[in-house]
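Working notes, structure below.
The values are calculated or read from the model by the stated rules, or taken from the named source; none is laboratory data. These numbers were taken from a predicted model, which means no experiment stands behind them. Using ideal geometry, Cβ is built from the backbone for each residue, glycine included, and neighbour counts are taken over all protein chains shown.
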Amino acid sequence: MDKKWVKHKLKHNLNRVWFTARWVFFSVVTGALLGVLGGAFYNSIAFVTKYRLTHSTVLLALPIGAVVILWLYKVCGDEGDKGTNLVLSAIHSDASIPLRMAPLIFISTVFSHLVGASVGREGAALQLGGSIGENIGKLFHISEKGKSTMIMVGMAASFSALFGTPMAAAVFALEVVIVGQINYNAFLPAVLASFTARSVAYMLHAPSQHYAIGAIPHFDIQPALLVALLAVLCGFVSMLFCLCLHKGEALGKKYFKNPYVRAVVCGGCVLLLTYLMGDQTYNGAGADYIISCLNQQEKVLGFLWKILFTVLSITAGYKGGEIVPSFFIGASFGCLFGHLMGFSPSLCAAIGMGAVFCGVTNAPLSAFIICIELFGFSIAPYALLACAISYTVSGYYGLYTSQRILYSKYRSEYINKKTQ
């Protein structure tokens, strides 16, 4: 046997081991740090939410709360904050994510939940993780080529720590960036960071999410057709949500060019609507309402009210993201569908959550996995069918305008276009 060939192969494989070991180290470090931050983030939001529910007078700050956030971002030099869109664009461009994004999104999201803005937390987690991930890469002098991997590692870790679905988090961080192209060299680092972050966050009392939805019908033609119909409608609902978000922000900027005036007006509208509703169902993330829907209790047209509350809150300038609101909207619509059709409102609420999430993020694999993690493997055939249909029906709309879709959803054609 040729000694040079053996030496070459040995050196080649040792290099592989070395590079893999480095990424294992970077992933575990990033996951551990974001597990701590994610746990703190979760507990902070839980604390201020509990405080708001028992001290409703803090809602009076809704008209001025967004002004405070806008001022904070301006003082820190991020007046034109692009949020999650910057994180996604930085993965496939020379754009850089400043470290200050992490404390800014942490503070502003917690404050948004305190005053009762209708926002989520997973969008904020992506920004927190992307910022920390890239800057850990800089600390360890990781090459520019490795920057994108570190951002995705951070995204996976923070999503996992906060929401408690490590498998979906790892896949989502890879899938959401460019629809139709998954960067598999980041797969192992994302998985390791995701599980590490979840373990650390769990030790800090950030629980894993799992919901019981009762007996799931055997997968057969009739229930499959009903789920398919629900998925089609959820695809349209996800389009409506994205359209309202983008048009709402555009109209807000058109009619209220001064961002501080816009913040006061939109925040004031959220406050007025809250008092007209008589409770805080549509304020904050709405986790309790999601559980109610999974228990077959739903307010008529609750999904439309949540869309309105969220659009006004985001247009005002509040931070937190739109992913949890999409779960709320999907659960509400699904539960309503189940009641109208006389078919398992709990299952329909669960399917609605996954299908609307799929439609607004264009991430069908992640949506499928998140359904399994949240509701158990018995939901798998229904979830897979619903996510496939919702992804197709939802068209080229999406929460993130910097997200790219490489291939047509309807033809065998390369399109490489941004979402609407």
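Would you confirm whether or not region 167-176 contains a residue that is touching a Pro at 6+ places or on another chain (Cβ under 7 Å) and closer than 20 Å to LEU399 by Cα?
Within region 167-176, not a single residue is touching a Pro at 6+ places or on another chain (Cβ under 7 Å) and closer than 20 Å to LEU399 by Cα.
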Being more than 22 Å from LEU60 (Cβ to Cβ), in a helix (DSSP H, G or I), under 25 Å from the mean Cα position of the chain (by Cα) and not assigned by TED's automatic domain parsing to the domain that holds PHE111 narrows it down to one of HIS246, HIS210, so name that one. HIS246
Can you tell me which residues in region 174-187 are within 22 Å of THR419 (Cα to Cα) and free of Cβ contacts under 8 Å to residues at least 24 places away in the same chain? LEU174, ILE182
Residue satisfying condition, being surrounded by 17 or more Cβ atoms within 10 Å (Cβ to Cβ), within 15 Å of the chain's Cα centre (by Cα) and closer than 25 Å to MET167 by Cα, within set GLY334, GLY398, GLY352: GLY398
Being within 20 Å of the chain's Cα centre (by Cα), touching a residue at least 12 places away in the same chain (Cβ under 8 Å) and within 30 Å of LEU70 (Cβ to Cβ): is that true of ALA190 here? no
Quick one: which residue in SER131, SER118, SER112 is of a type in the set (S, T, N, Q), farther than 27 Å from TRP305 by Cα and out of contact with any Asp or Glu (no Cβ under 9 Å at 6 or more places or on another chain)? SER131
Working carefully through the options ARG121, ARG100, find the one that is within 20 Å of GLY398 (Cβ to Cβ) and of a type in the set (Lys, Arg). ARG121
Do we have ASN416 as among the polar types (S, T, N, Q) and closer than 19 Å to PHE163 by Cβ here? no
Provide a single number: the residues in region 140-164 that are at pLDDT below 95, part of a helix (DSSP H, G or I) and farther than 15 Å from ILE182 by Cβ. 6
Being without any contact (Cβ under 8 Å) to a residue 60 or more places away in the chain and not polar (S, T, N, Q) is the filter here; which residues of region 135-155 pass it? LYS138, LEU139, HIS141, GLU144, LYS145, GLY146, LYS147
Quick one: in region 284-322, of everything that is of a type in the set (D, E, K, R) and in contact (Cβ under 8 Å) with a residue 40 or more places away in the chain, which residue is surrounded by the most Cβ atoms within 10 Å (Cβ to Cβ)? LYS319
Looking at region 342-375 only, could you name the residues that are in contact (Cβ under 8 Å) with a residue 12 or more places away in the chain and outside any helix (DSSP H, G or I)? PHE343, SER344, ASN362, ALA363
Just to be sure, is ILE182 of a type in the set (A, V, I, L, M), closer than 19 Å to TRP23 by Cα and modelled with pLDDT of 95 or more? no
Taking region 213-224 and keeping only residues that are aliphatic (A, V, I, L, M) and free of Cβ contacts under 8 Å to residues at least 24 places away in the same chain, one is left with ALA215, ILE221
Go over the candidates PHE256, PHE303, PHE236 one by one and state the one that is closer than 21 Å to ARG121 by Cα and in the same structural domain as ILE329 (by TED's automatic domain parsing). PHE303
